[in-house]
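The values are calculated or read from the model by the stated rules, or taken from the named source; none is laboratory data. Predicted, not measured: the structure shown is a model, and the values here were computed from it. All Cβ positions, glycine included, derive from the backbone under ideal geometry; neighbour counts span all protein chains shown.
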């Protein structure tokens with residue numbers, strides 16, 4: 001049906017509005033590194049514009065945001081013209097969109113099934129590196145796809161960027177495309193340093209990477225640890241490649257960093273499996289990813305498919321569900337933790353973030369709340385990382401009305417009514433009540449955690465019931481619980497009660513390192529608890545350890561030594577430890593490695609084990625002198641594959657790593673029990 005004049009006019013008006021909005025947000029995101037809307041909201045604007053332009057081709061124009069790669073070169077950098085345009089990827093957001101892409105590719109190629117290369121879509125900044133006779137000659141950003149910014153001096157400061165290719169006869173000219181990004185740990189360090197120096201922190205790793213690369217002073221960039229993965233070749237004077245996989249292998253042979261997560265998939269089922277696997281593991285990766293890039297592997301097929309506008313027909317970005325969204329702060333209140341710290345929490349208008357409804361977000365401490373200047377009524381961005389409570393990453397101050405309210409911290413604990421007191425360093429407000437139920441609840445949750453005593457079934461709600469009923473007034477009381485005493489608790493049947501009692505019995509002989517971690521000593525994480533256990537193989541020996549003794553322990557500095565010494569010299573803490581020991585808890589000292597097949601070996605655990613938990617399996621390997629890693633590489637010695645083992649098993653098979661099932665694993669453990 002031909003649209004009416006009024007319908008075309010309405011569409012034209014909306015198209016103009018969308019183009020203006022997208023241009024504004026492009027400026028905020030790509031140039032100012034200060035976005036006002038989430039990626040999901042931006043993608044929705046672009047999809048709406050694409051839909052209208054498809055329905056009304058007469059409204060399509062060359063200056064539309066859909067016809068170019070977003071982002072313009074910054075004025076203060078020399079411009080660089082790309083010999084071969086740096087294309088942007090089309091996006092799809094569900095299996096139906098991916099199926100449409102695959103169907104179109106197969107139809108154009110006349111193939112029943114197409115091999116695809118699957119690569120994590122990194123949240124960074126696209127760059128082009130030009131090597132002349134094997135030496136880095138130029139580096140530039142993508143810019144608008146045709147013209148980018150010359151950031152050679154900044155790229156040369158980064159160790160992730162090879163200055164010289166490792167090839168005996170490098171090509172005369174080679175253009176390499178890749179992504180510059182910040183790993184999560186480097187991002188956290190950068191923000192911590194900026195906060196300590198009184199500088200504003202970055203909202204996310206992508207903005208931090210962009211801001212780092214666009215520094216006029218290369219010394220500033222040099223102080224920031226950027227990473228690089230290369231994924232494509234632009235113009236070069238060599239023969240064409242047969243496949244993308246061969247191209248990546250060649251780039252790796254030149255000493256260029258190639259993402260080891262890349263994998264080949266045959267057909268859509270393999271692609272969907274790759275997407276599911278990456279989505280499940282995204283928070284375990286050391287960098288941020290927001291989807292899976294799906295590329296036709298055959299280079300000849302790519303040439304036949306060609307491009308449309310500024311996007312290749314042979315690739316698509318299958319995006320993950322958005323994990324950052326915009327919402328509004330309804331209220332701010334405080335939670336009281338196991339150390340008595342009052343942590344401010346923002347209560348939000350419920351919003352979907354990564355497939356989960358988010359209604360609250362942590363604000364960490366009074367200093368963080370003041371630095372971010374979050375107020376009741378503010379529009380904010382909230383980000384969810386893994387299974388932890390989400391956090392507010394940015395306030396949209398530009399839309400404030402003046403009615404927003406600043407939160408004032410209470411002078412008394414909202415749980416027990418005791419006075420609150422600010423730490424000496426002015427960073428944390430604490431409850432001074434020694435008998436505060438909220439602190440006991442926090443202690444119990446930490447004590448029972450997987451890194452601590454690993455008491456299965458003792459979650460937050462049950463801990464709250466135990467404290468509220470008076471059954472548990474300190475940690476040692478847990479080991480006096482019986483099926484009969486638990487039976488009166490809400491939703492606690494006889495079977496559940498028996499399971500908890502069995503879990504408590506099972507936890508009575510923890511490794512000393514886990515016992516020390518479970519005590520909740522300030523500054524002592526799992527790694528420090530391990531080194532303390534090795535240095536003091538019996539817990540009572542820590543009663544008399546001086547600060548000087550403690551600083552001799554690996555990675556224990558003066559501040560941590562003071563905290564540990566103060567903990568073990570406190571009479572209440574000693575009483576608590578003695579009560580645990582009297583209740584039958586017997587921490588086992590670390591033993592010398594017993595040798596055997598795992599001694600000195602790197603082991604990866606994957607899939608589900610029926611005979612023990614993953615943490616228990618890790619302990620058994622480590623007790624026998626092995627090291628447990630989270631990822632498979634060519635240096636891995638063993639992979640233990642339980643039920644439903646996934647990509648790690650496949651990677652082990654590709655690398656020729658030894659694989660053993662659960663039965664074989666138990667046999668190996670029995671050899672050196």
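Remarks
- Set side by side, the residues 549, 555 differ, and just one is loosely packed, with under 14 Cβ neighbours inside 10 Å and out of contact with any strand residue (DSSP E or B) (no Cβ under 7 Å at 6 or more places or on another chain), which is 555.
- All of (1) out of contact with any strand residue (DSSP E or B) (no Cβ under 9 Å at 6 or more places or on another chain); (2) not in a helix (DSSP H, G or I) hold for residue 616 with one exception: (2).
- Restricting 299, 280, 261 to residues that are touching a strand residue (DSSP E or B) at 6+ places or on another chain (Cβ under 8 Å) and more than 19 Å from residue 654 (Cβ to Cβ) narrows the list to 299.
- Test for residue 241: is it over 30 Å from residue 96 (Cβ atoms) and touching a residue at least 24 places away in the same chain (Cβ under 8 Å): yes
Residues checked against (1) exposed (fewer than 14 other Cβ atoms within 10 Å of the Cβ); (2) within 34 Å of the chain's Cα centre (by Cα):
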site: 480; (1), (2): yes, no
site: 497; (1), (2): no, no
site: 505; (1), (2): yes, no
site: 520; (1), (2): no, yes
site: 531; (1), (2): no, yes
site: 544; (1), (2): yes, no
site: 559; (1), (2): yes, yes
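- Of the candidates 338, 303, the single residue that is at pLDDT 90 or above, surrounded by fewer than 19 Cβ atoms within 10 Å (Cβ to Cβ) and either under 29 Å from residue 271 (Cβ atoms) or in contact with a helix residue (DSSP H, G or I) (Cβ under 7 Å, 6 or more places away or on another chain) (or both) is 303.
- For residue 440, the stated conditions hold: it is closer than 30 Å to residue 370 by Cβ and at pLDDT 85 or above.
- Of all the listed residues (626, 596), the sole one being outside the structural domain of residue 476 (by TED's automatic domain parsing) and under 27 Å from the mean Cα position of the chain (by Cα) is 626.
- All positions within segment 113-143 that are part of a loop (DSSP other than H, G, I, E, B) and more than 29 Å from the chain's Cα centre (by Cα): 113, 114, 133, 134
- Any hit, segment 163-179, residues being in contact with a strand residue (DSSP E or B) (Cβ under 9 Å, 6 or more places away or on another chain), modelled with pLDDT under 85 and within 21 Å of residue 289 (Cβ to Cβ): no
- Some residue of segment 603-612 being in contact with a strand residue (DSSP E or B) (Cβ under 9 Å, 6 or more places away or on another chain), in a strand (DSSP E or B) and closer than 26 Å to residue 537 by Cα: yes
- All conditions in (1) touching a strand residue (DSSP E or B) at 6+ places or on another chain (Cβ under 7 Å); (2) part of a loop (DSSP other than H, G, I, E, B); (3) surrounded by 13 or more Cβ atoms within 10 Å (Cβ to Cβ) hold for residue 635, with the sole exception of (3).
- Selection status of residue 256, assigned to a loop (DSSP other than H, G, I, E, B) and modelled with pLDDT of 90 or more: yes
- Against the test of being touching a strand residue (DSSP E or B) at 6+ places or on another chain (Cβ under 7 Å), surrounded by fewer than 19 Cβ atoms within 10 Å (Cβ to Cβ) and either modelled with pLDDT of 80 or more or within 30 Å of residue 540 (Cα to Cα) (or both), the options 643, 652, 663 yield a single qualifying residue, 643.
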